[in-house]
Amino acid sequence: NYEQSLDYFTKAQNIIDIHHINDPTLEANVYNDIGVIYINLDVLDKALENYQKAREIRENMEDPDKSQIAYSYHNIGTVYQRQKNYAAAIEWHTKALNIRKEIYPENEPIIAASLTMIGNDYTEAARNAKSYNYNEAYEYFSQGLKIREITLGETHPDTAWSHQSIGRWFFYQENYAKALEHYQKCHSIRKTFLQPSHAYIAEILYSIGEVYYKLN
């Protein structure tokens, strides 16, 4: 219930403002959470506005939390990806990845999340602009999948996301056999922990259907 959630976050924000509460961490978290609501509502300009406010507060704190700054960068990149501004998406997602590599162990799943997102950025950029090519994406996907399989396991929900992204990468290049292989792996994982009526099941079934259509 995103509207009700937004109402509570806005009330919290008003209390902080009215009572001049000096808690930068809380204030940044509220802005970030409002950004999360707006991106789920597909109000991308509002999501970006709130993510940027959270980022500014986090960067200017007396003792900055690098993990939270990286989180802000990642979220900003995701908005730009949704807006099809792939150059900006790559820039911000890469900033997040670089910080995460500094502060987390090399096989930390959150690094895999950054790698996969950058792979998605390059995939969509290559699909929409001749200045990019698909090969730039694959190394990010393969690294992300490897981390997830090692640390989370081959049947983890996040591993399914990697297979979906890689499947899409193959699909756009008309390698339908490999696309089908990864889409089916994604479906096999998802159907073990999601209800048959879940949107993510429908999404991957649709992708599999697209492959079979291309294969006549």
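The values are calculated or read from the model by the stated rules, or taken from the named source; none is laboratory data. Quantities reported herein were computed from a predicted structural model and do not represent experimental measurements. Cβ atoms come from the backbone with ideal geometry, glycine included; neighbour counts cover every protein chain shown. Remember, those area values only see protein heavy atoms, side chains included, never the ligands or the DNA or RNA. Shrake-Rupley method; radii C 1.70, N 1.55, O 1.52, S 1.80 Å.
Remarks
- Farthest positive-ward along the chain dipole, Cα basis, beta-carbon charges - from Q13, T159, A179: A179
- Using alpha-carbon coordinates, inclination of helix 157-172 to the longest axis of the chain, degrees: 60 degrees
- When shorter helices are ignored and each DSSP H run of at least 4 residues is given -39500 (n - 2.57), the per-residue value for the chain at 222 nm works out to -26000 deg cm²/dmol.
- Expressed as a whole percent, the accessible surface of the chain that belongs to carbon and sulfur atoms is 49, based on a 1.4 Å probe.
- Considered as an equivalent ellipsoid built on the Cα gyration tensor, the chain has semi-axes of 33, 20, 17 Å, the largest given first.
- Sparse packing (at most 13 other Cβ atoms within 10 Å of the Cβ) combined with a DSSP loop state is found for the following trypsin sites (Lys or Arg not before Pro) in the stretch 88-186: K130.
- The stretch 1-118, accessible area per residue, ligands and nucleic acids excluded (1.4 Å, Å²): 53 Å²
- ³J(HN,Hα), Karplus 6.51/-1.76/1.60, whole Hz, each residue of the stretch 49-64, x for Gly, Pro: 4, 6, 4, 5, 5, 4, 4, 4, 5, 5, 5, 9, 5, 4, 10, x
- Between T25 and Q195, residue separation times 0.36 nm minus the direct Cα-Cα distance comes to 57.5 nm.
- Each Lys and Arg contributes +1 and each Asp and Glu -1, all at the Cβ; summed about the Cα centre of the stretch 71-216, the dipole is approximately 280 debye.
- Per residue, the average separation of C-alpha pairs within less than 8 Å and at least 6 apart gives the stretch 61-216 a relative contact order of 14 percent.
- DSSP-loop GluC sites (Glu not before Pro) across the stretch 1-103, with at most 16 other Cβ within 10 angstrom: E62
- Measuring between alpha carbons in the structure, the pairs from K95/K130; K185/K214; K11/K53; K66/K178; K53/K95; K101/K130 lying more than 26 angstrom apart are K66/K178; K101/K130.
- Distance cut-off 19 Å, percentage of C-alpha pairs in the stretch 20-101 lying past it: 33 percent
- For the chain, a Gaussian network of Cα nodes joined below 10 Å ranks Y86, Y132, Y51 by mean-square fluctuation, and the top entry is Y132.
- Nearest 10 degrees, 0 to 90: helix 176-190 Cα axis against the chain principal axis: 50 degrees
- Accessible area per residue, Å², the stretch 141-216 with all protein chains present, probe 1.4 Å: 56 Å²
- Between 0 and 90°, nearest 10: helix 2-18 axis offset from the chain longest Cα axis: 30 degrees
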